[in-house]
Amino acid sequence: MSVWQQLYETYNQHLDEVGKSESRWEGKTFTLLPISHTTQTAHITVNITPNGEFHTAEVIEKGGGNTLIPSTEDSSSRAGSVIAPYPLHDKLPYVAGDYEAFGGVYKKDNAYQVYINNLKKWSESSHGFDRLKSIYTYLQKGRLIEDLVNEKVLFTETDGTLKWTWKDKEEKPKIYSIVTGGMEGAFIRFHVHSSEQLYKEPWQDSEFYQSFIAYYAEQAGDSTLCFVTGEQKVGSTKHANKIRNAGDKAKLISANDSSGFTYRGRFDKASEAATISYEVSQKAHNALKWLIQRQGKLIDQRVFLVWGSQVTEMPSAVDSTFSLAALFNDVEEKEVFDTNRDGARAFSDALIGYKRKLPQQTVNILIIDAATTGRLAILYYRSFDQEQYFKRLESWHTEHPWEYVYFDREKKRRVFIGAPSLHDIATAAYGPRANEKLIKATVERLVPCVVDGRIVPDDVRRCLIQRASNPVGLEAWEWEKTLQIACGMINKKEGMTVALDSNLKDRDYLFGRLLALADYLERKALGKENRSTNAIRYMNAFSQNPARTWLTIQSALQPYQAKLGGKVTYINKLIDEVGSQLDPSDFTNKPLSGKYLLGFYSQRHDLYQKREETNLSNEESVEA
């Protein structure tokens with residue numbers, strides 16, 4: 001129950017956010033829902049006068065219909081032919097009293113009668129107020145479709161029935177383009193319009209929220225023991241859906257199948273497994289929806305969420321060091337750090353600085369996904385003391401980091417020292433065209449590496465090594481990125497640095513250095529000719545049969561050595577020096593471990609660093 005308790009507490013900590021509209025991406029808004037409320041996409045806004053008369057109606061533009069509406073347990077989980085109206089705004093069959101008069105057919109009971117009876121009870125209760133009564137006064141007249149037709153929002157056939165779909169060849173009216181299916185699916189929202197006073201829209205008005213919450217609380221059922229709070233409260237068996245998005249029907253808590261024996265044999269009633277009170281369920285689910293929309297990361301609909309109970313925005317365990325650094329506003333963005341140690345220290349300082357701004361709180365990590373269209377599952381949940389979480393995060397990003405280079409949207413070269421995002425690791429291991437299910441499963445497996453300090457799974461590292469050893473099969477930029485990520489993950493185990501270790505006598509490391517030297521020499525001879533060197537072309541074979549392949553690569557170098565003459569004396573000396581460090585007994589065809597990639601990258605990095613530090617006029621002095 002701890003996840004529900006944490007979500008419930010998060011909601012209570014952010015009551016001042018309830019009903020406030022927020023935006024994460026342009027055009028998409030969301031809010032922390034009040035209890036007993038949900039969201040629906042409305043298609044038509046009907047304006048009513050304070051006297052309960054029709055004023056105007058307008059079709060809502062696509063993307064602008066997200067509407068916060070009051071809901072009951074039954075209405076929020078209705079499906080099929082079940083008649084369960086929303087209390088105020090709803091689809092045409094519920095809110096139009098002349099639905100049958102215009103050719104509409106109810107599948108079961110008269111939905112309008114149920115709707116209008118419920119609205120009457122609410123508006124005439126002690127919680128009813130003027131604008132709510134205005135809407136009821138108009139709707140109980142039962143002439144909504146007639147007014148919408150007169151307003152030219154809806155249209156009729158020649159026999160006077162409603163035109164449910166538009167099949168004519170003439171230009172289609174806007175409403176028929178927005179509503180998918182027939183007009184029976186059109187969702188109507190109501191607003192009280194006055195020329196004397198400016199009223200808030202009901203879906204943004206706390207007076208409407210509070211009125212329905214108070215009214216619905218009086219309709220409460222039997223009290224039961226809430227497993228989250230330990231108190232006797234009104235229970236709930238119909239929990240919320242739409243957790244990941246407005247079209248998501250999957251539920252985290254559901255036990256509505258008493259005839260399929262899904263729980264019988266263990267329990268007699270669904271409530272015997274666990275009971276969460278209505279209030280706790282509403283608050284916890286609403287907090288979860290809000291957090292997912294606010295800061296959740298979705299990969300193929302699998303949600304990766306990290307949040308704090310008081311300050312919700314927390315450094316995410318799945319992000320790269322560079323992305324996290326952007327979260328720390330006081331960190332000055334640097335193009336490049338001189339050494340791994342500088343980069344690690346800068347990140348560590350930023351993390352500590354950010355942590356000091358936060359109150360002491362619990363940090364939660366949650367991964368959820370749907371096994372079927374109707375059921376969600378919690379795949380991973382951990383709650384940490386904040387200090388412990390930041391310590392684990394710092395360890396992942398600063399212990400044995402690697403160098404990563406990429407170009408941003410403005411084609412500007414960026415370099416950072418640290419760790420890549422978990423999504424990038426998974427994509428580098430299996431390729432950008434890998435199945436999304438494999439990518440999300442790999443990200444899930446990597447999360448404990450960050451938050452629990454586990455080692456990177458061997459199969460993931462092997463995949464990275466294999467792809468990094470096969471540059472011919474990848475685009476140049478893709479191979480460079482894969483190579484850097486592979487080195488980073490190998491280095492999590494080896495604990496080395498990007499800087500070249502010229503004293504290391506490890507066989508695999510030395511073979512990697514030789515490969516980098518051969519690549520550099522040939523690349524220099526090729527000049528502006530843009531083709532792969534022999535070292536790159538034979539890299540895959542080299543990793544499997546290093547001794548035999550090196551002889552092939554070395555013999556292919558001779559024409560380039562002859563062409564460049566004294567300009568590559570320094571490289572030739574380095575090749576001899578590295579070769580002499582190899583123990584003769586190690587010069588075999590035993591396949592190389594991933595450590596050869598570290599030797600390759602560090603040697604290449606060292607050569608190009610010296611080249612960048614040297615201008616053309618004194619380049620020969622470096623190579624001489």
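Per-structure values
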quantity: Selected residue (criterion: nearest to V318 (Cα to Cα)) from residues of the range 449-461 that are in contact (Cβ under 8 Å) with a residue 12 or more places away in the chain and assigned to a helix (DSSP H, G or I); calculated: V450
quantity: Search result, residues across the range 399-432 that are touching a Gly at 6+ places or on another chain (Cβ under 7 Å) and among the β-branched types (V, I, T); calculated: I417
quantity: Subset of the range 563-587 that is polar (S, T, N, Q) and exposed (fewer than 12 other Cβ atoms within 10 Å of the Cβ) - its residue that is nearest to L510 (Cα to Cα); calculated: S580
quantity: Number of the exception - K108 against (1) modelled with pLDDT of 95 or more; (2) open to solvent by 30 Å² or more (accessible area, probe 1.4 Å); calculated: (1)
quantity: Search result, residues across the range 522-536 that are in contact (Cβ under 8 Å) with a residue 24 or more places away in the chain and within 21 Å of A468 (Cβ to Cβ); calculated: E522, S532, I536
quantity: Hits in the range 32-65 - residues which are within 19 Å of H239 (Cα to Cα) and in contact with a strand residue (DSSP E or B) (Cβ under 8 Å, 6 or more places away or on another chain); calculated: L32, L33, P34, S36, H37, T38, T39, Q40
quantity: In the range 483-501, residue surrounded by the fewest Cβ atoms within 10 Å (Cβ to Cβ) [restricted to those that are out of contact with any helix residue (DSSP H, G or I) (no Cβ under 7 Å at 6 or more places or on another chain) and more than 16 Å from Y608 (Cα to Cα)]; calculated: G495
quantity: Of all residues making up the range 351-366, the number that are open to solvent by 10 Å² or more (accessible area, probe 1.4 Å) and in a helix (DSSP H, G or I); calculated: 5
quantity: Residues that are buried (at least 18 other Cβ atoms within 10 Å of the Cβ) and either in a helix (DSSP H, G or I) or touching a His at 6+ places or on another chain (Cβ under 8 Å) (or both), drawn from the range 214-229; calculated: Y215, Y216
quantity: Enumeration of residues in the range 429-464 that are in contact with a Pro (Cβ under 9 Å, 6 or more places away or on another chain), closer than 21 Å to S593 by Cβ and open to solvent by 70 Å² or more (accessible area, probe 1.4 Å); calculated: R454
quantity: Cross-chain or 6+ apart pairs with Cβ under 7 Å, the range 158-174 first and farther than 20 Å from E146 by Cβ, then assigned to a loop (DSSP other than H, G, I, E, B) and open to solvent by less than 60 Å² (accessible area, probe 1.4 Å); calculated: K172/W166
quantity: Flag if S258 is open to solvent by 30 Å² or more (accessible area, probe 1.4 Å), among the hydroxyl-bearing types (S, T, Y), modelled with pLDDT under 90 and assigned to a helix (DSSP H, G or I); calculated: no
quantity: Residues that are open to solvent by 40 Å² or more (accessible area, probe 1.4 Å), over 18 Å from H43 (Cβ atoms) and of a type outside the set (A, V, I, L, M, F, W, C), drawn from the range 162-203; calculated: K167, D168, K169, E170, E171, H193, S195, E196, Q197, Y199, K200
quantity: All positions within the range 367-419 that are within 20 Å of the chain's Cα centre (by Cα), surrounded by fewer than 19 Cβ atoms within 10 Å (Cβ to Cβ) and part of a strand (DSSP E or B); calculated: R375, A377, I378, L379, Y380, Y381, R382, S383
quantity: Given (1) over 33 Å from the mean Cα position of the chain (by Cα); (2) assigned to a helix (DSSP H, G or I), number of the condition Y99 does not satisfy; calculated: (2)
quantity: Criterion (touching a Phe, Trp or Tyr at 6+ places or on another chain (Cβ under 8 Å) and over 17 Å from F587 (Cβ atoms)) met by exactly one of I536, I553, I571; calculated: I571
quantity: Number of positions in the range 265-303 that are open to solvent by 10 Å² or more (accessible area, probe 1.4 Å), within 18 Å of the chain's Cα centre (by Cα) and more than 28 Å from A220 (Cα to Cα); calculated: 9
quantity: Tally of residues being out of contact with any Leu (no Cβ under 8 Å at 6 or more places or on another chain) and either open to solvent by 50 Å² or more (accessible area, probe 1.4 Å) or β-branched (V, I, T) (or both) across the range 204-213; calculated: 4
quantity: Selection count where residues are more than 18 Å from A284 (Cβ to Cβ), of a type in the set (S, T, N, Q), touching a Phe, Trp or Tyr at 6+ places or on another chain (Cβ under 9 Å) and part of a strand (DSSP E or B), scope the range 7-60; calculated: 5
quantity: Residue identified as assigned to a loop (DSSP other than H, G, I, E, B) and more than 22 Å from R433 (Cβ to Cβ) among D508, D501; calculated: D501
quantity: Subset of the range 400-427 that is in contact with a Ser or Thr (Cβ under 9 Å, 6 or more places away or on another chain) and more than 18 Å from V450 (Cα to Cα) - its residue that is modelled with the lowest pLDDT; calculated: F416
quantity: Qualifying residue in the range 120-143 (condition: in a loop (DSSP other than H, G, I, E, B), open to solvent by 10 Å² or more (accessible area, probe 1.4 Å) and over 28 Å from Q210 (Cβ atoms)); calculated: yes
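Conditions tested, residue by residue: (1) among the acidic types (D, E); (2) open to solvent by less than 30 Å² (accessible area, probe 1.4 Å); (3) at pLDDT 90 or above.
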residue: Q5; (1), (2), (3): no, no, yes
residue: E9; (1), (2), (3): yes, no, yes
residue: E22; (1), (2), (3): yes, no, no
residue: N47; (1), (2), (3): no, yes, yes
residue: F54; (1), (2), (3): no, no, yes
residue: E58; (1), (2), (3): yes, no, yes
residue: G63; (1), (2), (3): no, no, no
residue: P70; (1), (2), (3): no, yes, yes
residue: A96; (1), (2), (3): no, yes, yes
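The values are calculated or read from the model by the stated rules, or taken from the named source; none is laboratory data. Predicted, not measured: the structure shown is a model, and the values here were computed from it. Note that each Cβ is placed from the backbone with ideal geometry, even for glycine, and that neighbours are counted across all protein chains shown. These area figures cover heavy atoms from the full protein model, side chains too; ligands, DNA and RNA do not enter into them. Shrake-Rupley method; radii C 1.70, N 1.55, O 1.52, S 1.80 Å.
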